[in-house]
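What follows is a single structure, written as structure tokens, with notes after it.
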Amino acid sequence: MASTKEILARSELFKRLTNEELEKVAGLGRQEIYPEEFTIFSESAMTGDLYIVDAGKVAVEMKLSVYPGLVQQATVEVVLEGDAFGWSAVLGSPIYSFSAKSVEPVRLVAIDGERLHSLLDENPDMGYRVMSALVEVVSSSMRSVKRTLLA
Amino acid sequence: MATIKEVLASSDLFKGIADEGLKKIAALAQAESYEVGAILFTEGSATRDVYIIKEGRVALDLSLSPTPGVGKQTTVETLSNGQICGWSAVGGTAVYSMTARCTEPVRMIAINGERLRSLLDENPNIGYRVMENMAKIISSRLRNIRMTLRVFHR
């Protein structure tokens, strides 16, 4: 089984970090395994962890008003290996803006968002690389959400 | 009248940046004015400048076709003073993700994305704050896109 540091090293968010920096982030992370169809967090729940997918797929779901009185849960994106979800936890947002549910059994690394944010505050050089990568991850989601919803 | 530095200081993208950093960023900035209906950039076109709105309103339009610029468009968000558009120019993306259209006479500050990115690379202390602000801005924008597009899905 891969170590937390190895999983982080191949993730989009942390791949630009040095070995020493990866060790610091890995120290805040823990590996978690969930079965199929498991709700990892719900929309509007208090933020806690940021997640990196090591194996499996996670569906990003949102409650959307189809018309007044009818609210449906819809998948807006599928997160794959190496990708991150739950960024709200590291961006200081009090609640998650969507739900995350496993599509198949998943192995994840969960990192406490607040502690990661403090680590980046103390190491802005590393923080710059992580936040730049996060901007790329979010902008790539922006492209894929359009492909998913307009296909 | 507010100076460029003051406008930057109260913007979503540059809030929290120390005075010294704001001075460096202001040195790259230029003031621009646009009439109602002016298009700042179109979805899918090559990125160049990032814009900070000083006065007026700008609509962000998204094409409802998988091919940018073809077919109907929908407005995802309307921006006003302190908000930014054209983040792609500094976020490492080759093309703009939406079209920006002035719905009022607009006064804004334009900054060349590549030059700003070089400044951030050289000053990671500033870069960290700017990229953190940008991640917040675009994750909120992504949420609006998801909500808007879902309405047109199926």
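Bear in mind that the values in this text are calculations on the coordinates, not laboratory data. Since this is a predicted model, take the numbers as computed values, not measurements. Note: ideal-geometry Cβ built from the backbone for every residue, glycine included; neighbour counts use all protein chains shown.
Quick notes
- Overall form of the protein assembly as shown per C-alpha gyration tensor (a/c, 1.5; a/b vs b/c): oblate
- Each of A:Leu22, A:Leu64 was scored by other Cβ atoms within 10 Å of its Cβ. Arranged with the fewest first, they read A:Leu64, A:Leu22.
- Here's the picture: charge each Lys and Arg Cβ at +1 and each Asp and Glu Cβ at -1 in region B:1-61, and of B:Tyr51, B:Phe41, B:Leu13 the one pushed furthest to the positive end of that dipole is B:Leu13.
- Out-of-range pairs (alpha-carbon distance over 27 Å; input A:Lys5/A:Lys146; A:Lys101/B:Lys136; A:Lys15/B:Lys54; A:Lys146/B:Lys5; B:Lys24/B:Lys136; A:Lys63/A:Lys146): A:Lys5/A:Lys146; A:Lys15/B:Lys54; A:Lys146/B:Lys5
- The magnitude of the dipole of the protein assembly as shown, with charges of +1 and -1 set on the Cβ of Lys/Arg and Asp/Glu and taken from the Cα centre, is near 780 debye.
- Interchain or long-range residues, amide H under 5 Å from B:Val95's placed H: B:Thr47
- Restricting the calculation to Cα atoms, chain A shows an Rg/Rh of 0.98 when the hydrodynamic-style radius is the Kirkwood one.
- Given +1 at the Cβ of Lys and Arg, -1 at the Cβ of Asp and Glu and no other charges, the dipole of region A:4-150 around its Cα centre is 420 debye to the nearest 20.
- Estimated distance in nm for a label pair at A:Thr39 and A:Tyr67, the labels positioned 7 Å out from Cα along Cα-to-Cβ: 2.7 nm
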